[in-house]
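The values are calculated or read from the model by the stated rules, or taken from the named source; none is laboratory data. Since the structure is predicted, the reported quantities are computational estimates derived from the model, not experimental observations. So basically every Cβ, Gly included, is an ideal-geometry build from the backbone, and we count neighbours across all protein chains shown. Note: areas computed on protein heavy atoms with side chains; ligands, DNA, RNA excluded. Shrake-Rupley method; radii C 1.70, N 1.55, O 1.52, S 1.80 Å.
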Amino acid sequence: MKQEYQDLVLQACGASSLRVGAKIQTLWSGYGEIVRLHLEGCDRPSVVVKHVKFPEEAEHPGGWNTDQSHRRKVRSYQVETHWYQNYSTNQSCRIPACLAACSHGDEMLIVLEDLDVVGYDQRRTSVKDREIKACLSWLAHFHALFLGAAPEGLWPVGTYWHLETRPDELEAMDDANLKAAAGNIDRILNECRFKTVVHGDAKLANFCFSQSGQDVAAVDFQYVGGGCGMKDVVYLLGSCMEERECEKRVPGLLDFYFTELKRSVKKDVDFAALEEEWREMFAFAWTDFHRFLLGWMPGHWKINRYSKQLTKEVLNKLRL
């Protein structure tokens with residue numbers, strides 16, 4: 001790590017020295033890395049640094065190495081930096097505090113609070129009901145907090161699969177009916193009366209759990225932006241459960257999400273109208289993500305009977 005970046009961390013944290021620790025992960029397509037830095041001489045034992053460095057040759061696992069893809073990723077890191085520097089949440093939808101950020105040429109650096117130190121040191125690859133509900137509660141409080149807020153400095157429409165940013169994947173789709181309806185589905189979602197700020201990549205891997213699994217914090221805000229809260233909900237549920245589980249458990253989990261949302265929205269919100277609209281948008285949001293997957297990776301495990309059934313229902317509604 002460059003000395004100027006080390007100096008930035010030392011100054012931001014009031015530390016006397018630092019040691020570069022383990023690499024937590026490599027960023028998608030080789031766009032940098034996330035590392036833990038151990039500090040001396042301050043009240044923080046460590047911080048987490050997201051170090052973005054645009055590669056000369058990107059390595060996309062699906063082979064989507066295009067100028068459009070590169071521009072989208074560059075924009076996503078600019079959005080994430082803006083998010084951490086200008087937005088904050090509360091304990092009910094915890095995120096890491098941003099301690100410093102800078103950009104220079106083809107590099108960006110975001111210095112974040114180490115969530116492991118403050119009790120969110122667990123990661124999950126599979127979850128029980130308690131953990132799914134903890135994530136849904138996080139999303140409900142997050143959506144309530146930003147309900148009606150303009151996504152200034154963020155993506156106008158959040159989520160990494162947003163149709164306007166994915167023309168190549170749309171073109172690659174074989175499903176002619178869904179391809180023809182994609183623009184209409186996107187429009188319906190975008191014209192929701194009730195809009196919020198969505199996380200945009202609310203998969204299980206982006207939640208950090210407490211030891212008990214009852215409390216969570218979220219990371220990775222590259223695709224945070226405006227939209228219907230159902231986009232986050234469907235993406236989370238799809239990342240946690242396979243088709244049979246979805247068929248059996250989604251109704252109850254949706255009820256839980258709306259109970260949490262009702263508890264946390266302001267009293268002047270017409271909650272009955274909000275719930276009615278977003279429940280109707282659930283299938284549209286799920287179909288919207290299904291559209292992306294069909295073009296991006298047609299053999300993906302999430303393309304299953306449950307997704308196909310919801311898509312069929314949406315396409316039938318649009319024909320009425």
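Residues in segment 146-198 that are at positive phi, open to solvent by 20 Å² or more (accessible area, probe 1.4 Å) and touching a helix residue (DSSP H, G or I) at 6+ places or on another chain (Cβ under 6 Å): G153 only. Within the option set V250, V269, V265, being modelled with pLDDT of 95 or more and touching a His at 6+ places or on another chain (Cβ under 9 Å) holds for one residue only, V265.
Is one or more of the residues making up segment 204-220 at negative phi and in contact with a Pro (Cβ under 6 Å, 6 or more places away or on another chain)?
No, because not a single residue in segment 204-220 is at negative phi and in contact with a Pro (Cβ under 6 Å, 6 or more places away or on another chain).
The condition of being surrounded by fewer than 19 Cβ atoms within 10 Å (Cβ to Cβ), within 21 Å of K128 (Cβ to Cβ), acidic (D, E) and modelled with pLDDT of 95 or more holds for only one of D232, D255, that being D255.
In a strand (DSSP E or B), touching a strand residue (DSSP E or B) at 6+ places or on another chain (Cβ under 8 Å) and modelled with pLDDT of 95 or more, is that true of L112?
When the stated conditions are applied, L112 passes them.
Apart from one condition, G21 fits all of (1) within 18 Å of the chain's Cα centre (by Cα); (2) assigned to a strand (DSSP E or B); (3) surrounded by fewer than 20 Cβ atoms within 10 Å (Cβ to Cβ); the exception is (1).
Tell me, please, whether a residue that is at pLDDT 95 or above, in contact with a Gly (Cβ under 8 Å, 6 or more places away or on another chain) and over 29 Å from R249 (Cβ atoms) can be found in segment 180-195. There is no residue in segment 180-195 that is at pLDDT 95 or above, in contact with a Gly (Cβ under 8 Å, 6 or more places away or on another chain) and over 29 Å from R249 (Cβ atoms).
Residue-level analysis places S137 among those that are buried (at least 22 other Cβ atoms within 10 Å of the Cβ) and either not in a helix (DSSP H, G or I) or not β-branched (V, I, T) (or both).
Contact annotation: residue pairs with Cβ atoms under 7 Å, 6 or more positions apart or on different chains, pairing a residue in segment 1-28 that is without any contact (Cβ under 8 Å) to a residue 60 or more places away in the chain with a partner that is of a type outside the set (G, A, S) and open to solvent by 90 Å² or more (accessible area, probe 1.4 Å), are A15/E40; S16/E40; S17/E40.
Take the residues of segment 294-320 that are assigned to a helix (DSSP H, G or I), in contact (Cβ under 8 Å) with a residue 40 or more places away in the chain and under 22 Å from C240 (Cβ atoms): which is most open to solvent (accessible area, probe 1.4 Å)? Selected residue: R305. The residues listed here are D201, D268; of these, the one that is surrounded by 17 or more Cβ atoms within 10 Å (Cβ to Cβ), in a loop (DSSP other than H, G, I, E, B) and either at positive phi or free of Cβ contacts under 8 Å to residues at least 60 places away in the same chain (or both) is D201.
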